[in-house]
Amino acid sequence: MKKLFNKKAILTVISVVLIISIISLFYGNFSVDVQEIHVFSEKLPESFHNYLIAHISDYHNRTSAIVDKQIIDSLNEEKPDIIVITGDLIDSDHPEVDVSLQFTEKLCEIAPVYYVTGNHESNVNNDDVELFNRFIEGLTELGVNVLRNDKMTIQNSAGDSINICGIEDPYFYGRYDQVFQRTEILCNGLDLDESEFNVLLAHHPETLSVYYKFNIDLVLSGHAHGGQVTFFGRAIMAPDQVTFPPYTSGLYKMGDTQLVLSRGIGYSLFPIRVFCRPHLVYAELKVPDYDK
């Protein structure tokens, strides 16, 4: 009776599987997924139609020239009106501040940059406040608009304007069981005019219900890493969310509040992504029926 599989065939199959796995892991960790999301709002001034916001999150001072080049090349090609960074630009486990500052300097050469802190910045602040202050000072010197519970107005050549706001990561004020409470306090402190179009940079996506309570038009967030490991397109876990987390990537809506969530660039906890590529998002603002 002939053997169904001989040793050579088995080794060949194993080799093919290993090669495919290696290629898949390399592609999944070093190939940037560029996504464009359209954000429609009746409150948006017509002169801001097609206004392009590039969204970067959770860089975690990643030291990958391959990934950085893809991001910079895309930004140079798309020419966004502004670039926003929604936290965890550095990593508290290995806070290589200069790496993140060098990356941010390249962004500043392309468009105005707006930044808010994440939980990793909070951790660095707790562990080494001098290092954290040096990091924030470095961003400011580069010309980055560091939003720490602040609101700024972006005015265009037509004289129309939108507001861009940013809240500090709630971990600066308490741990996870206080995130919703602290987020509400921070949003309330912004004293937003709901008749205007308001963009909020906030690291945590799981508090979408709080942003909705304040009728914020567009929220840009990160933190979830897309789950970092997904199976059949579904994340199993994400920071500060339940198993099979509801907020991981893309566009979410609650009433008129829209949240654009980036899967991030770097890593959290372990240095690998599985079927969850680094994510560069372009949020393009749209006035409904403008082109009709």
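The values are calculated or read from the model by the stated rules, or taken from the named source; none is laboratory data. Bear in mind that the values here come from a model prediction, so they are computed numbers and not experimental data. Cβ atoms come from the backbone with ideal geometry, glycine included; neighbour counts cover every protein chain shown.
If the condition is being in a loop (DSSP other than H, G, I, E, B) and touching a Lys or Arg at 6+ places or on another chain (Cβ under 9 Å), then segment 170-193 contributes 173, 174, 190, 191, 192. From the list 229, 219, 199, the one residue that fits, being over 17 Å from residue 117 (Cα atoms) and among the β-branched types (Val, Ile, Thr), is 229. In the set (1) under 16 Å from residue 57 (Cα atoms); (2) out of contact with any helix residue (DSSP H, G or I) (no Cβ under 8 Å at 6 or more places or on another chain); (3) at pLDDT below 95; (4) part of a loop (DSSP other than H, G, I, E, B), the condition left unmet by residue 226 is number (4).
Name the single residue that is surrounded by the most Cβ atoms within 10 Å (Cβ to Cβ) among those in segment 138-185 being polar (S, T, N, Q) and closer than 18 Å to residue 100 by Cβ. Write out each step before concluding.
As a first pass, look at segment 138-185 and keep what is polar (S, T, N, Q): 140, 145, 149, 153, 155-157, 161, 163, 178, 181, 183.
Adding the requirement that they be closer than 18 Å to residue 100 by Cβ leaves 140, 145.
Working: 140: 12, 145: 19.
Out of the qualifying residues, it is 145.
Out of 89, 107, one residue alone is in a helix (DSSP H, G or I) and under 19 Å from residue 260 (Cβ atoms). It is 107. Among the residues making up segment 229-271, those that are aromatic (Phe, Trp, Tyr), within 16 Å of the chain's Cα centre (by Cα) and assigned to a loop (DSSP other than H, G, I, E, B) are 247, 267. Residue check: residue 108 meets all listed conditions (1) modelled with pLDDT of 95 or more; (2) under 20 Å from the mean Cα position of the chain (by Cα); (3) buried (at least 17 other Cβ atoms within 10 Å of the Cβ) but one, namely (3).
Could you list all residues from segment 250-288 that are modelled with pLDDT of 90 or more and on the phi > 0 side of the Ramachandran plot? Selection gives 250, 255, 264. For residue 282, are the conditions met, namely being part of a loop (DSSP other than H, G, I, E, B) and within 16 Å of the chain's Cα centre (by Cα)? Taking the combined requirement at face value, the residue does not satisfy it. Against the list (1) modelled with pLDDT of 95 or more; (2) in contact with a Gly (Cβ under 7 Å, 6 or more places away or on another chain); (3) farther than 30 Å from residue 195 by Cα, the condition residue 57 fails is (3).
The set of residues in segment 121-132 that are surrounded by 12 or more Cβ atoms within 10 Å (Cβ to Cβ) and not acidic (Asp, Glu) comprises 122, 123, 124, 125, 126, 131, 132.
Scanning segment 200-223 for residues that are of a type in the set (Val, Ile, Thr) and either in contact (Cβ under 8 Å) with a residue 60 or more places away in the chain or in a helix (DSSP H, G or I) (or both) gives a single hit, 210. Would you mind stating whether residue 177 is at pLDDT below 95, more than 16 Å from residue 203 (Cβ to Cβ) and either over 20 Å from the mean Cα position of the chain (by Cα) or of a type in the set (A, V, I, L, M, F, W, C) (or both)? Yes, satisfied.
Search segment 61-86 for residues being assigned to a loop (DSSP other than H, G, I, E, B) and touching a strand residue (DSSP E or B) at 6+ places or on another chain (Cβ under 7 Å), and hand back the single one that is farthest from residue 225 (Cα to Cα).
We begin by selecting, within segment 61-86, every residue assigned to a loop (DSSP other than H, G, I, E, B); these are 61-64, 79-81.
Applying the additional criterion that residues be touching a strand residue (DSSP E or B) at 6+ places or on another chain (Cβ under 7 Å) yields 80-81.
Numbers: 80: 23, 81: 25 Å.
Ranking the qualifying residues of segment 61-86, first place goes to 81.
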